[in-house]
């Protein structure tokens, strides 16, 4: 079975790795700074720069989470001509594992999409965040698909 990266050129694989690394770091930082993750959108420009966009300028604060994500994906779709990859960091609840998780959806203009899930637990004392293993799954193409 071919992997998601088989659909990408060597440059596309580098793009996705850079974008994913940036997105995971942003999700972890959000948890350590405020304890919650509000949606964090990213766009990799044609030049290869990774830009963190402001979700508050795309959707109104307080909008339900799924509507925020949909609005951000719509904005990324509109900006797709200026980019070659996009990502969105959100939080999710893993009912089966009884855990919260950082979720990163990433897509490249060459046709690959990926979803990454990293469970986390917060210690009862001190609020220290402990991360579980990062898992990757095929993602849904939403911008270039």
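No lab work stands behind these numbers, since they all come straight from the coordinates. Since the model is a prediction, treat every value here as computed from it, not as a measurement. A quick note on method: Cβ atoms are made from the backbone with ideal geometry, for glycine too, and the neighbour counts reach across all protein chains shown.
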Quiz item: Once both labels are modelled 7 Å past Cα along the beta-carbon direction, what's the residue 57-residue 123 spacing in nm?
Solution: 3.8
Quiz item: At what distance in angstrom do the alpha carbon centres of the range 44-68 and the range 100-145 lie from each other?
Solution: 16
Exercise. Compare the peptides 53-60, 67-74 by average per-residue count of other Cβ atoms within 10 angstrom and give them in order, highest first.
Key: 67-74, 53-60
Quiz item: Angle, helix 10-34 long axis vs. longest principal axis of the chain, Cα atoms, 0 to 90°, nearest 10?
Solution: 20
Exercise. Any chance you could give the angle, 0 to 90 degrees and rounded to 10, that helix 65-78 forms with the longest Cα principal axis of the chain?
Key: 20
Practice problem: Evaluate E = 1/(1 + (r/R0)^6) for residue 32 and residue 140, where r is the Cβ-Cβ distance and R0 equals 30 Å; express this FRET efficiency to the nearest 0.05. | Solution: 0.55
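Multiply the residue gap between residue 79 and residue 66 by 0.36 nm, knock off their C-alpha separation, and tell me the result in nm, one decimal place. Show your work: numbers first, answer last.
Values: separation 13, 0.36 × 13 = 4.68 nm, distance 2.00 nm.
Contour length minus Cα-Cα distance gives 2.7 nm.
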Practice problem: Pairs of Cα atoms under 8 Å, at least six residues apart: use those to get the relative contact order of the range 61-140, whole percent. | Solution: 20
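With runs of 4+ DSSP H residues as the only contributors, calculate the mean residue ellipticity of the chain at 222 nm using -39,500 (n - 2.57) per run, divided by the residue total and rounded to the nearest 500.
Values: 3 runs with 43 residues, N = 145.
Per the formula, -9500 deg cm²/dmol.
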Quiz item: Label-point separation (nm) for residue 45 and residue 6, each offset 7 Å from Cα along Cα-to-Cβ?
Solution: 3.5
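Counting pairs of alpha carbon atoms under 8 Å apart in space and at least six apart in sequence, what relative contact order in percent does the chain give?
Details: 264 pairs, mean separation 34.0, N = 145.
Reported as a whole number, the value is 23 percent.
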